[in-house]
Amino acid sequence: MDKPQDSPEPVKRRGHDFLTYIIGGIIAWGLIGLALDHLLHTRGIVIAGALLGVVGGYYLARFHQRHRRPDEAPHQ
């Protein structure tokens, strides 16, 4: 019998998860910033919210990447 080869799929999936966290952070915090801009009649909070989303999404992605159990396979 042939031994199954390791596919690069888990690596692709981790990259996809990483990007999802960052985009999700941008959208979520950007919308919060947009709502605050609307309520406070200001401009620029949406940009600060989007930047906060990038930083927060990156942090969460790295945190989950580092604290993944060795036996835990990426979601399929």
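Could you tell me whether I32 is surrounded by 15 or more Cβ atoms within 10 Å (Cβ to Cβ) and either assigned to a loop (DSSP other than H, G, I, E, B) or at pLDDT 95 or above (or both)?
Here the answer is yes, as I32 does meet what is asked.
Pairs please, first residue from the stretch 35-47 and farther than 17 Å from G25 by Cα, second anywhere and among the acidic types (D, E), Cβ atoms under 7 Å, 6+ apart in sequence or on different chains.
R43/D37
The values are calculated or read from the model by the stated rules, or taken from the named source; none is laboratory data. Here the structure is a predicted model, which is why all the values come from computation and not from measurement. Virtual Cβ from ideal backbone geometry, glycine too; neighbours counted across all protein chains shown.
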